[in-house]
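First up is the structure itself, then whatever we jot down about it.
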Amino acid sequence: MLHTRPRGRLRARLIAAAASAALTLTAIAGAAQAQSREETLRVVTGGQVNTLDAGMQGITRDGFGLNWNIYDRLVSWDRKKFGDGYIYDFDKMKGELAESFTISDDGLTVTFKLRPDATFHDGSPVTAEDVKWSLDRAVSLKGPGAQMATGSLKSPDQFKIIDARTIQVTLDKPDRLAVPNLAVVFPVILNSKLARQHATAEDPWATEWLKENQASGGAYKVSSFKAGQQVVLDRFDDWKSGPLPYFKRIIVQTVPEASTRASLIERGDADLSIDLQSSDVLALKDRGAVKVVSIPQVNAFQMIAFNTRMAPFDNVKVRQAVAHALPFDDMFTAALYRRGAPLWGASWKDLPDNGKFPQRLPYATNLDKAKGLLAEAGFPNGFKTTFSFNVGSAATSEPIAALIKESLGKIGIDVTVEKVPDAQMGTLISEKKLPFFTESAIAWLPSADYFFRVFFQGETRWNYGSFVNEELAELTTKARYERDPAAYEAAAKRMVKIAADEVPVVMLWQPALDAVMARNIDGFTYWFHRQTDYRSLTRTK
Amino acid sequence: MRSIAYRSARRLAAALPVLLGVLVFTFVLMRLLPGDPAVFFASGPNSGEAEIQAMREKLGLDRSLPEQLILYLGDVATGDLGTSMTTGRPVLDDLAERLPASLELTVVALILALATALPLGILAALMPGSVLDHMVRVVCTAGVAMPTFVSGLLLIFIFYYLLGWAPDPTGRIDVFLVAPPSVTGFLLIDSLLAGDMEVFRAALGQLMLPAITMALFVLAPLARMTRASMLAALGGDFVRTARSLGLPGWKVVNVYALRNAILPVLTTTGIMFSTMLGANVLVEKVFSWPGVGSYTLDALLASDYAPVQGFVLLMAGIFVVVNLVVDLAYGIADPRVVIE
């Protein structure tokens with residue numbers, strides 16, 4: 001026995017190794033044959049994928065995009081038609097890995113029924129145990145945990161396995177963002193058996209291993225991953241959470257030079273890119289060689305922020321004066337070639353017509369009014385200040401800064417423009433050291449109370465105006481658990497009104513997302529993470 | 001031969017303090033630069049002070065500077081250059097994977113540059129003041145005056161976009177081809193080893209435009225240096241003697257003059273090689289070349305300390321080795337030269 005066991009094990013290992021080698025070889029050969037250009041989508045991007053695990057701190061936007069395609073979540077959103085493409089419908093949720101879900105009458109319990117036939121890439125069935133482990137992971141990891149908490153999902157105790165196909169989520173309060181938070185990129189459902197094999201005592205959630213490996217069951221699986229260079233995805237033919245995607249293979253390549261990306265698409269060598277320069281997009285559109293799907297980024301915004309804790313911007317009149325002196329229209333033209341939705345120039349006075357946010361606020365360029373407000377604030381001769389933007393956004397921010405400098409000069413405000421390296425910009429904003437700057441941001445969950453909670457209060461980097469307002473804080477806290485739509489709408493309108501009156505930031509616009517693609521590509525969908533969902537794309541003959 | 005090996009080893013050992021100095025200097029410099037990596041990397045939606053602090057601890061930035069330095073030096077001594085936050089992988093792996101791409105580009109570019117610069121320089125020296133001499137001067141000036149990203153984009157525009165001769169300027173190989181198993185990391189060599197001529201041709205095709213861009217950049221110093229030292233050598237007594245003895249012209253130029261003129265060219269070539277390896281950044285960006293330069297630039301923009309420190313160390317190491325090789329080549333060109 002003592003002799004045979006090790007030997008037997010060795011032989012078994014050899015056979016296993018040979019078998020896996022043979023399998024790999026056939027897989028490679030098969031992949032090579034299946035690699036017809038027709039069913040392959042070649043995507044070029046300026047960004048790069050740096051990890052396969054959305055739980056990793058410092059993950060890039062392209063990383064989120066990849067995660068979206070290789071993992072499934074319990075639920076997702078429906079989409080609606082917009083122009084030549086689609087836009088995700090935040091008001092309409094649907095099951096993804098969950099066949100169905102029900103919310104109890106008191107709003108405190110959500111029950112998810114899993115699809116009976118869904119499997120992971122390795123063929124093992126998706127069970128409630130996997131779901132529990134995955135959700136436990138999402139609330140336990142630092143970065144994802146902060147996001148999940150915005151939907152009152154904080155502790156593993158909240159997730160209960162009912163049976164192999166049923167899982168229940170319990171909440172302290174009926175949080176309107178609990179279910180939406182289960183559809184963002186963090187609470188992906190992982191193959192828990194596989195992931196756990198690579199967990200250690202210091203790393204119970206297998207974060208090290210999952211960075212470069214996948215334990216997933218999504219529509220696509222990663223067949224090769226070179227951080228910062230290229231990712232190749234192959235379709236998972238047994239995918240059950242939706243209709244089988246059209247493309248069998250997706251190649252996502254990092255091409256840093258924007259003009260090269262444009263040439264690649266125009267010459268037909270690449271199929272899709274979503275991050276070209278506005279000028280290139282317009283030129284390509286004019287030449288008619290490509291299809292441009294332009295969709296407003298409904299959950300994003302560009303704004304000008306004031307440091308409300310620093311003189312002179314701690315004076316609301318000064319902020320209002322500057323807001324009235326901004327050359328909105330010129331900035332929109334110079335920075336974006338007017339590709340987007342303006343957020344200035346509303347006509348309402350007392351309360352907005354609806355409680356959506358971001359929406360147009362009642363500001364427009366009016367230098368006389370600005371001068372008056374400035375005098376009322378005690379600065380009839382203006383003042384000196386510094387306006388900052390990050391170097392990475394220079395293409396849009398540079399013209400904004402130049403126009404602001406010129407326009408504010410007319411009311412006596414002397415603006416020095418400062419370009420800040422991206423890494424430093426984050427630090428300066430977090431430490432609330434910049435007096436006056438521009439940034440753009442997105443909120444994954446475009447719900448008014450969420451916007452105000454994230455961007456208009458608290459001590460995080462995202463409270464760009466460093467704004468403190470007790471009424472707003474009360475309103476957002478209450479609205480979050482408000483189950484009566486009318487009461488919620490009323491609260492939201494009031495929040496918008498406060499933002500308009502107090503102007504901790506001036507909302508400028510929502511830029512459009514321009515997806516440039518070969519003429520025969522169809523089905524592009526705009527998602528909250530501003531990345532491409534390959535599952536919905538097709539190539540028409 | 002043994003003494004050369006011994007002397008080389010001594011030279012490399014003598015370089016260790018220099019490398020240590022470079023290491024410490026970069027380490028301190030990175031931390032003096034503005035920008036807090038903890039904030040940068042903990043910038044996910046809803047990340048607040050707690051997340052930033054956790055990231056700071058994870059990166060070891062909560063410790064004192066001397067403590068960080070000692071830990072880092074200890075890691076480096078064991079061959080661990082730290083982990084890149086941008087790619088999420090060990091810096092050593094990243095550099096090892098990307099260095100061959102940069103080296104391949106640089107070596108091919110240098111060969112192209114030498115193959116053009118030496119004949120041009122020699123011809124210009126043989127006929128100083130002639131039309132040819134002026135033309136060489138014009139070509140060199142144009143090459144050195146044009147920033148590499150401009151000439152790179154121009155080449156792409158002409159040869160890829162307009163004419164369609166060049167393959168699409170992305171990376172080292174056509175995306176639809178399967179790369180040969182990596183042996184040396186040099187795609188040209190690996191594809192030959194695998195006997196895959198299709199990949200070899202594709203890789204060579206991809207390499208041409210970026211290599212020409214780089215070659216244009218270093219053409220001028222090489223050609224000018226060749227011309228100057230050839231002029232000096234051609235005016236020397238030994239050339240006059242050789243000519244008066246009736247030796248054939250090609251022999252006088254190539255054996256007597258060139259051999260004497262080659263030393264400064266060798267020095268320049270060595271310097272050019274190291275410079276190119278570092279200055280590749282823009283070319284790598286323009287051609288999506290997965291080299292060490294573009295990798296480090298991304299890291300630098302993200303305040304990602306470990307890759308930048310690793311890169312500087314690598315470059316310093318390469319500089320030491322290249323200098324040594326140049327000195328050895330001196331010995332071959334002129335047996336009187338001995339490295340010490």
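Taken together, the values in this text are just the output of simple stated rules run on the coordinates, not laboratory data. What you see is a predicted model; the values in this text were computed from it and never measured. Heads up, the Cβs are rebuilt from the backbone with ideal geometry, glycines too, and the neighbour counts pull from every protein chain shown.
Observations, loosely collected:
- Candidates A:Trp348, A:Trp344, filtered to the one that is in contact (Cβ under 8 Å) with a residue 40 or more places away in the chain and part of a loop (DSSP other than H, G, I, E, B): A:Trp344
- In region A:207-221, residue surrounded by the fewest Cβ atoms within 10 Å (Cβ to Cβ) [restricted to those that are away from chain B (no Cβ under 14 Å) and of a type outside the set (S, T, N, Q)]: A:Lys221
- Residue identified as touching a residue at least 24 places away in the same chain (Cβ under 8 Å) and touching a Lys or Arg at 6+ places or on another chain (Cβ under 6 Å) among B:Leu328, B:Leu324, B:Leu313: B:Leu324
- Verdict on B:Thr86 being in contact (Cβ under 8 Å) with a residue 24 or more places away in the chain and touching a Leu at 6+ places or on another chain (Cβ under 8 Å): no
- Contact map, region A:255-278: first residue more than 12 Å from chain B (Cβ to nearest Cβ), second residue of a type in the set (D, E, K, R) and in a loop (DSSP other than H, G, I, E, B), Cβ cut-off under 7 Å, separation 6 or more or different chains; pairs are A:Ser278/A:Arg339.
- For region B:175-187, the criterion of being within 14 Å of another protein chain (Cβ to nearest Cβ) and either in contact with a strand residue (DSSP E or B) (Cβ under 6 Å, 6 or more places away or on another chain) or surrounded by 23 or more Cβ atoms within 10 Å (Cβ to Cβ) (or both) is met by at least one residue.
- Listed by position, the helices (runs of 4 or more DSSP H) enclosed by region B:213-294 that each have at least 2 residues that are in contact (Cβ under 8 Å) with a residue 12 or more places away in the chain, away from chain A (no Cβ under 14 Å) and more than 21 Å from the chain's Cα centre (by Cα) are B:237-244, B:258-279.
- Any hit, region B:120-128, residues being surrounded by 19 or more Cβ atoms within 10 Å (Cβ to Cβ), in a helix (DSSP H, G or I), on the phi < 0 side of the Ramachandran plot and within 14 Å of chain A (Cβ to nearest Cβ): no
- Considering region A:143-169, the residues that are within 14 Å of another protein chain (Cβ to nearest Cβ) and surrounded by fewer than 17 Cβ atoms within 10 Å (Cβ to Cβ) include one that is nearest to the chain's Cα centre (by Cα), namely A:Ala149.
- Qualifying residue in region B:192-212 (condition: in contact with a helix residue (DSSP H, G or I) (Cβ under 6 Å, 6 or more places away or on another chain), surrounded by fewer than 20 Cβ atoms within 10 Å (Cβ to Cβ), farther than 30 Å from A:Ser36 by Cβ and touching a residue at least 12 places away in the same chain (Cβ under 8 Å)): no
- Restricting attention to region B:44-82, the residues being in a loop (DSSP other than H, G, I, E, B) and either more than 10 Å from chain A (Cβ to nearest Cβ) or closer than 17 Å to B:Leu300 by Cβ (or both) number 10.
- Scanning region A:64-121 for residues that are farther than 21 Å from A:Ala219 by Cα, of a type in the set (D, E, K, R) and in contact (Cβ under 8 Å) with a residue 40 or more places away in the chain turns up A:Asp84, A:Asp106.
- Residues of region B:83-107 that turn out to be at the interface with another protein chain (Cβ under 8 Å from one of its Cβ atoms) and among the hydrophobic types (A, V, I, L, M, F, W, C), as a count: 1
- Check on A:Tyr450, touching a residue at least 40 places away in the same chain (Cβ under 8 Å), of a type in the set (Ser, Thr, Tyr) and farther than 21 Å from A:Lys173 by Cβ: no
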